Every structure is written in structure tokens, then in C-alpha cells.
1. Return the pair list, or none, for Cβ contacts closer than 6 Å from residues in region 111-128 that are without any contact (Cβ under 8 Å) to a residue 60 or more places away in the chain and not assigned by TED's automatic domain parsing to the domain that holds residue 27 to residues that are surrounded by 20 or more Cβ atoms within 10 Å (Cβ to Cβ) and assigned to a loop (DSSP other than H, G, I, E, B), at least 6 apart or on different chains.
2. Looking only at region 252-285, filter to residues that are part of a helix (DSSP H, G or I) and touching a residue at least 60 places away in the same chain (Cβ under 8 Å); which one of those is surrounded by the most Cβ atoms within 10 Å (Cβ to Cβ)?
3. How many residues does region 332-349 hold that are part of a strand (DSSP E or B) and more than 19 Å from residue 425 (Cα to Cα)?
4. What are the residues in region 34-70 that are part of a loop (DSSP other than H, G, I, E, B) and in contact with a helix residue (DSSP H, G or I) (Cβ under 7 Å, 6 or more places away or on another chain), if any?
5. Would you check which residues across region 310-338 are surrounded by 14 or more Cβ atoms within 10 Å (Cβ to Cβ) and in contact with a helix residue (DSSP H, G or I) (Cβ under 8 Å, 6 or more places away or on another chain) and list them?
6. Just the residues that are in a loop (DSSP other than H, G, I, E, B) and at pLDDT 95 or above, please, taken from region 71-83.
7. Of the residues that sit in region 204-222 and are without any contact (Cβ under 8 Å) to a residue 24 or more places away in the chain and assigned to a loop (DSSP other than H, G, I, E, B), which one is surrounded by the most Cβ atoms within 10 Å (Cβ to Cβ)?
8. Given the options 110, 182, 154, 136, name the one that is buried (at least 24 other Cβ atoms within 10 Å of the Cβ) and closer than 28 Å to residue 264 by Cβ.
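The values are calculated or read from the model by the stated rules, or taken from the named source; none is laboratory data. Model, not experiment: these values are computed from the prediction. Here the Cβ is made from the backbone with ideal geometry for all residues, glycine too, and neighbour counts use every protein chain on show.
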């Protein structure tokens, strides 16, 4: 028998492939401040392997719960019951503080919520038959943000899988000091009834551009961009191609900076406008379990030696594309001459010639535009859309910036959201400059706050750079 075969035989004995039955217990777990967190604990039937069961914590998104549907097509409890516990994992799911059946108030993955993650980890590690040295975590959106911060603060996970989450809350929701107010308000509505005291004032400050130093400090305390060097565990990053809340750069930046075993998946699910196809969710869950099998069970399944970057096309076809490093990119550049003056509800729209080939963006478009205002115009919003031969308009990306303008033209830079957007051959790109995203379309709810009715804006020449994949993968 070869050494590899012998090793596999030993591991197969130590970790049975499936557990046909399992125990399930809904239990409140009391935190150190007395708040009860509603949780469900799963453990496979039978005797645990010699070191104890490997275990996984599952963390839900903002406004959700352990029993609510997720972008993966099932609740976290269903993920536990179908994907993990039958494969020999103990699992803890829970409703985050201020969510579902749990007590307390929501403070957006603040210090108290991170302390909850630490205490729940300790509770799980102390359960009979659980190996406290081999506990992993999977979380999406809000739950992914908690995993990032908890890991950076020393919660000793053995492997993590943050999905469609943020590493920098400031750049995600308040880039260039202008809140993506539609996204912020959507999140706020999900938690408003159970928000921590004072959070409403901070949300208002973010949207109106007041007390921004306090808003930035709040976001920094919930981010890990500057703390990635303190993360030393294998990390599987999952992010959406088309996600206007937490864009692709949140994962791309983390992947570039992490110095650990790592894997990156960019797919067709996430926050709007992601379509979240069910088949892709099943694929991602399978890869996620392989990651845990390798780094929690120690199974030599080869995922650590596979090509580490995986990108799904749009729409989902069941096939993905793999890369050893990020796909090769090129830059498409446009110049828009001219000068136009608009009122508060107006817009300037400039359109390119038709694209001669299908294209696919990969990253953040960057706009440089000359702006002036005779009486003050506090913000600028840019929307890049594609007008297809089928007479559809696809929002490729958008961005905004809080600005200080005077009568003299001033060059302004706007970095748009990092997306992977497929653009059909024969499309024309349209750049819309205004005070809100609704100027491009009433359905575009990214930037909602306007400017004073008396405001005037003079839009001069503009230059736009759009990063593209050298070889598009979507059709």
C-alpha cells in the first residue's frame, strides 16, 4: 500500500465520511452581559473521532437569522443539516444579537458583537466530543464581516470562509465621503426596530455628510483592511461579480494582502443586483466543505494545490474558469469633450460609439471630470451604463464623491464600484453625471440624496478608464 493510500485509509477511519443521523438542540446561550443568544447546536450521532469532532460556526447576514433564506438558496440551519453535520462536523448556528430570537440590540458588528462571537466560540469548544483546536467559521455579508473582525482580534478559528462581506466598511458604504444612501437605508430598514441607541443618529450623519470623523471611526472599528496581517488561518474568500453593497475589491484587496493558504471565488450571487442562481450556490457550498475538510479534518483532498482563483461567468452555466493569478486585464479609455450646465434635477449624459466586441469589466472604472459651480454643488454621482443592441440598459457601475466646487473649473476624480459586468457586442457605453443615481434611471437607487434646488453644475471635459478582462468568459 502506498503512503498516500495508507494515509487516506487512516483518515477515513478517523473521520467517517457520513453520519446518517445527528442530534439537534435549540438552546439559548447567555453572554457575559446577560443577553441570551438563540442558537442551534448540531452534533453527529455516534462516537467522535479520537481528537473530537471538527466544528463549524455559521453566521447569517444583516436582518436575517439562522432559519431565514440566504443567497445560497437555503437557511444556515439547512446548510448545517445537509452539508456539514452528515459529513462529520459539529455545527453551531445562532441569531446574532438583536436578530431573530436573540435578545439585545444591533450595533453592526461592533465590539459587543465580536465579543459574542468569541464567547460562542468558547461555548462550542467546550462541548463534549468537540475538538476545540479545529473550529472553522462560514458567514455571509454581516456574518462575514464578523468573521473577519473576530479573526483579526484573535478568536482562534482554524479556517474561515467570509462570503460577500467587507474588509473596509468605509470604502463600501461611504466612498469618497458620499454615502451610497440607497444601500445604507436598505440595511437600516432591516434592523431599525432593534438598533442600538444612537445608531439612528450615526446613520443620518452618514447620509447627510455630517460629523464624518465619527462615522469614519465607527466604520474603522468594524473593518479589517489594516489588520489583515494579523490573520494567520487558511481563508476561502467568496465575493459577488455584481454586488453594489460590497464590491469585488473587498475580496480582491484581502486576497492580495493575505499571507496564508487562500482561495478566491467570484460568482453570480450576493447583494443586488446579483441574481443568486441556485445551482451556483450548491457549487460554492461544495467547495466550502472541501476547504473545511482540508483544514479542519486534515483530509488531503488536493484543494490546497488546485488553481486558487475561480471565476464564474454571468449567467451561471455550471462551468467556472480558474486562474493562478488574477485574469489578465486591459484598459478601455474614453474622452468626452464638451461643456454643459445643469440644474439640481438635471443630468449630463455622454455616449460612446458601439463596442465592436463583447467585453467584460473587471475592477473599478475611474472618471476624471472638470466641474464647476457658481453657487455650490456638494456632491457628484456618475453612472456608467451599457445600451445593448436589444435596447436594454445595464448599469455597469456607479460612484460618487462629496465635492467643494467654485466658479473655476476643478478636476474631480470618481472611483466607481468594482464589478465584473458582461457587456454584449454592439453596445454603447453611456456616462451619466448628476446629483443622484436616479437621474440615470428611477430604478437606480444607489445614491438618493440630492442637492439644493438652487444649485447649478457646469460639467466640462471628462476622461473614463474602464478595466476589462483580456479574455471575456461570459456570453
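1. Taking only residues 6 or more apart or on different chains, not a single pair turns up.
2. Among those residues, the one meeting the criterion is 254.
3. 9
4. Within region 34-70, 49, 50, 60, 61, 62, 63, 66, 67, 70 meet the criteria.
5. Answer for region 310-338, where residues must be surrounded by 14 or more Cβ atoms within 10 Å (Cβ to Cβ) and in contact with a helix residue (DSSP H, G or I) (Cβ under 8 Å, 6 or more places away or on another chain): 310, 312, 316, 320, 326.
6. 75
7. 211
8. Going through 110, 182, 154, 136 in turn, the sole match is 136.
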